[in-house]
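A quick write-up on the structure given underneath.
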Amino acid sequence: MAKGPKRPKPAGLPTSEQILRFIQDSPGAIGKREIAKHFGLHGADKIALKALLKDMTDEGLVDMASGRSFHKHGGLPRVTVLRVAAVEGDAVWAVPDRWEGSGPAPRLRVMEKGRKGALGVGDRILARTEERGTGHVAHPMKKLEAGGETIIGVLVTDTGPGGKPTTWLRPADKRARFDFAVADIGDAAIGDLVRAELSGRGPATKAKVVDRIGDPFAPRSLSMIAIARHEIPDVFAAETIEEADRAARLPLTPEGREDLRDLPIVAIDPADARDHDDAVWAIPDEDAANKGGFRAIVAIADVSYYVRADGALDREARRRGNSVYFPDQVVPMLPETLSAGVCSLKAGQDRAAMACHLVVDRHGKVTSWRFARALVRLRANIAYERAQAAYDADTPDEGWDADVLPSLKNLWGCWGLLAKARDARAPLDLDLPERQVILDERGSIAEIRVRERLDAHRLIEDYMIAANVAAAKALEAKKSPVMYRIHEPPGREKLVSLKDYLETFERSFALGQVITPAVFNRLIDGFSDDDRLPEIMQAILRSQTQAYYGPANAGHFGLALGSYAHFTSPIRRYADLIVHRALVDAYRLEVPGRPKDLPARTGLGEADAKGLSRIGEAISALERRAMEAERETIDRYVAAYLATRTGEIVAARITGVQPFGFFATVDGLGGDGLVPVSTLGSERFFYDEAARTLDSEHGRVSYGIGQRLDLRLMEANPISGALRFELPDAPEGGFRGRPLHRDGVKKAGKHMVGKRGRPANIRHKGKRR
């Protein structure tokens, strides 16, 4: 529903910005009374303040907490109820007992007063919250009635003492070290995925099932664990479905759009693509001033035409932030009526698109761009492998129209220029393998393999990057708000860690040099013929910052670009939808017509334009949640695939080393499992923090990142995705691994570890720690 005009602000009333600043700077709960008192408001001004606070709430600037107190939208109330989620050493961490903000609930460090250790997991506290740095801390005010910690897990059973069966809850989090005895399973059954509440402490902790989620081992259901654990919304409300159905019936005509249906535009996607956001077309430029250049179009699904600001669809899309892709299903950002229906660019069907027109010169530089709403009818939806094979063989697929293969050739010709410009720009070139889980018709695992990387993938990637850059620059040209995709350069601390690591390979890394992606590329080139290259690329990846969304441009370090935004995937990313709406506003691309039962405007709107910072924070957190859920699910499928091979010897590679053991992955499959130091034999081991190695006391054995060795698979847990390995044998005195990249044993910076994995007494510069 469209909002009415803003009320005029009386002269004595503070501005929205002043009220927000007061709320953020105040140590306690802030209500209308406290705001009026602070700004000295009386009589009619108090009535006007009430109206202003309502406007601020409607615009999404503030939220109202219990007790009618206000706090910044999407943030934490100044005083709220928290639940202790973890105790890590001396650090106590809590989360809001109830969280209705966008994005995952924040995690707060609890600043305990008095006796340490008074708080345990599951305890509830009333606390005053405070922003500190990039996070929050909590100052407890009082401890509340005990509440149980909720945990996601699967019910299992075994035979206890006396032959009596015992039911256990096996946590879905691979970091959990114990199963929990179940006091009450309710109406759940063994094998069910459940949500349970924990009570008690230590060995006396019991689990009570409060919700049966389903059977995670049914075909195509293993992703259910990640969906439940990360609280990913996977069911659309009736209101949202109804609005999607109404939106799908919107008329689609050439009015207000360029008619591009005669162009042989094609979409090139993964063979298992569930939605089609983008399609491309290119042709040699006939303009004599651009000899050897090309004209290209990147056509993107016009989602903003169907999903309009302030509607139920928009609110749900923002709450989800992105689609989440699992091997067995996709949790879409938008209902399938749109995501797999009228928004998806499908061959032979008229579709609404946002067209990015590009002019590319013979050096691969994009010299001009233009955005327009368009009507397209794709010639073909082509899998990457089929597009590559057709281009290589110069032979069309059966059923293709006559102009599809020539269109592919033009796309490759233009891409050759774009690739030339990319090489000159020298973006970060990390070619890391991507695992792909293949399911058979019954939903069982048929194969796990590394996804092949073809020129066809690079071609689409470069067209999308060109369009994303054009979108950012087009908005900048109009001084319009931009939701940038930001990737900042690595920080000094991570670069120092990388430098220390490279020294173990006898490679130098100058911290004083200007750090550009090309610096890392030269480093990668130096290991091009070395079997340790994957470890070097992983170390470089760990040194990078995490990309995020926001309105303050800081460039994209990895792509070596000064301005970058996400424009090309609005079906599955809310950030792209924001960019589309901003382009509609900036270039007056509204289409004629005013639907009666949907929000009128397809642009961004004033409130969202001013709130890009908080929107960016929320969708960045949701992106991280999706990535973690997807990664965990792949690990669970790998564990399920390996579960029938326990006891077997597998070829593995060490991926990480800690004082308590080392982690390894199965060659060609992935997964991550621990080899506990307690299984390495009777000899003591030193942990070399700089080299990231475990070295035996007498220097006979060394285990370090990148080392390849055979391991025995002892456990594969599909519930958590955890693997556990041991060395094939355990002779007295330890084992000799394959020699590492250095001779001798480095003594500096080592931690001695006993045979049971506990750190021994360590002396550093004469001090016992």
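The values are calculated or read from the model by the stated rules, or taken from the named source; none is laboratory data. Computed from a predicted structure; not experimentally measured. Every residue, glycine as well, gets a Cβ built from its backbone with ideal geometry; the counts of neighbours run over all protein chains shown. The accessibility values were calculated without ligands, DNA or RNA, using every heavy atom of the protein model including side chains. Shrake-Rupley method; radii C 1.70, N 1.55, O 1.52, S 1.80 Å.
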For region 371-387, Karplus-derived ³J(HN,Hα) couplings (6.51, -1.76, 1.60; θ = phi - 60°; whole Hz; x for glycine and proline) come out as 10, 8, 6, 9, 10, 10, 9, 5, 7, 7, 9, 10, 6, 3, 5, 6, 5
Under 17 Å from residue 46, Cα to Cα: aspartates and glutamates that are on another chain or at least 8 residues apart: 34, 55
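When the Kirkwood hydrodynamic radius is evaluated over all pairs of different C-alpha atoms of region 417-508, what value in angstrom, to one decimal, is obtained? Don't jump to the answer; show the numbers that get you there.
Working: mean 1/r = 0.0562 Å⁻¹.
Over region 417-508, the inverse of the mean reciprocal pair distance is 17.8 Å.
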proj_area_mean for region 524-575 (convex hull on C-alpha atoms), units nm², value 5.3
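Express the accessible area of the chain per residue in Å², computed with a 1.4 Å probe while the remaining protein chains stay in the model.
With the other protein chains kept in place, the chain gives 48 Å² per residue.
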Ranked by how many other beta carbons lie within 10 Å on average, peptides 711-718, 283-290 from highest: 711-718, 283-290
Under a plain spin-label model, where a point goes 7 Å from the Cα along Cα-to-Cβ, how far apart in nm are residue 506 and residue 34? 6.4
Explain nothing, just the number: relative contact order of the chain, from Cα pairs under 8 Å at least 6 residues apart, as a whole percent. 10
Could you tell me which residue out of 668, 126, 548 lies farthest along the dipole of the chain toward its positive end? Charges go on the beta carbon: Lys and Arg +1, Asp and Glu -1, centred on the Cα centre. 126
Using per-residue counts of other Cβ atoms within 10 Å, averaged over each peptide, order 454-464, 250-260 from highest down. 454-464, 250-260
Which percent of Cα pairs goes in each bin when the distances of region 575-677 are cut into 5 angstrom slices starting at zero? 2, 10, 12, 12, 11, 8, 7, 7, 7, 8, 7, 6, 3, 1
Euclidean distance of C-alpha centroids, region 254-301 and region 505-532, integer Å: 38
Cα gyration tensor of the chain, axes a ≥ b ≥ c as square roots of the eigenvalues: rounded (a/c below 1.5), prolate (a/b > b/c) or oblate? oblate
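Please find the FRET efficiency linking residue 183 to residue 365, where r is the Cβ-Cβ separation and R0 is fixed at 45 Å, and quote it to the nearest 0.05. List each step's numbers first, then the result.
Working: r = 68 Å, r/R0 = 1.51.
Given R0 = 45 Å and the Cβ-Cβ separation, E is 0.10.
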What size of dipole, in debye to the nearest 20, comes out for the chain about its Cα centre when the only charges are +1 on Lys and Arg C-beta atoms and -1 on Asp and Glu C-beta atoms? 3740
Identify, among 47, 210, 513, the residue whose Cα sits farthest towards the positive end of the charge dipole of the chain, taking +1 on the Cβ of Lys and Arg and -1 on the Cβ of Asp and Glu, with the dipole about the Cα centre. 47
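What length, rounded to one decimal in nm, is gained on full extension from residue 42 through to residue 630, with 0.36 nm per residue of separation minus their alpha-carbon distance? Intermediate results must be reported in sequence, preceding the final value.
On the way: separation 588, 0.36 × 588 = 211.68 nm, distance 5.46 nm.
Full extension from residue 42 to residue 630 adds 206.2 nm.
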Surrounding net charge for residue 301, when Lys and Arg each add one and Asp and Glu each subtract one, Cβ distance under 12 Å: 0
Give me the distance between the Cα centres of region 574-635 and region 676-706, rounded to whole Å. 50
With a cap of 10 neighbouring Cβ atoms within 10 Å, and only residues DSSP puts in a loop, list the GluC sites (Glu not before Pro) found in region 479-510. 506
Quick one: divide the alpha-carbon radius of gyration of region 502-593 by 2.2 N^0.38 Å and tell me what you get. 1.59
What is the set of long-range amide H partners of residue 153 at a cut-off below 5 Å, with H atoms built 1.01 Å from backbone N? 172, 194, 196
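Starting from the Cα-Cα distance between residue 499 and residue 392, subtract it from 0.36 nm times their residue separation and give me the gain in nm to one decimal. Let's see the in-between values first.
Details: separation 107, 0.36 × 107 = 38.52 nm, distance 4.24 nm.
Additional length available on full extension: 34.3 nm.
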Which distance in Å, rounded to a whole number, links the C-alpha centroids of region 450-490 and region 339-380? 15
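With +1 on each Lys and Arg Cβ and -1 on each Asp and Glu Cβ, and nothing else charged, work out how big the dipole of region 288-421 is about its Cα centre, in Debye to the nearest 20. Don't jump to the answer; show the numbers that get you there.
Working: 18 positive and 15 negative charges, 148 e Å.
Its charge dipole is roughly 720 debye.
Could you tell me what percent of the DSSP beta bridges with both partners in the chain are antiparallel, to the nearest 5?
Numbers: 124 of 139 bridges.
Antiparallel: roughly 90 percent of the beta bridges in the chain.
When the helix-only estimate is applied to the chain (DSSP H runs of n ≥ 4, each -39,500 (n - 2.57), divided by the residue count), what is the mean residue ellipticity at 222 nm, nearest 500 deg cm²/dmol? Walk me through the numbers on the way to the answer.
Numbers: 16 runs with 198 residues, N = 769.
That comes out to -8000 deg cm²/dmol.
With the full set of protein chains in place, find how many percent of the accessible area of the chain is carbon and sulfur; take the probe as 1.4 Å. Intermediate values should be presented prior to the final figure.
Numbers: 18180 of 36700 Å².
The C+S portion of the solvent-accessible surface of the chain is 50 percent.
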Given 50/478; 32/596; 143/164; 365/494; 346/479; 143/208, the pairs whose alpha carbons are separated by over 27 Å: 50/478; 32/596; 143/164; 365/494; 346/479
Mind checking which of 368, 387, 406 is farthest towards the positive end of region 361-415's charge dipole, using Cβ charges of +1 (Lys, Arg) and -1 (Asp, Glu) about the Cα centre? 368
Figure the gain on full extension for residue 142 and residue 541 (residue separation times 0.36 nm, minus the Cα-Cα span) and round it to one decimal in nm. 139.3 nm
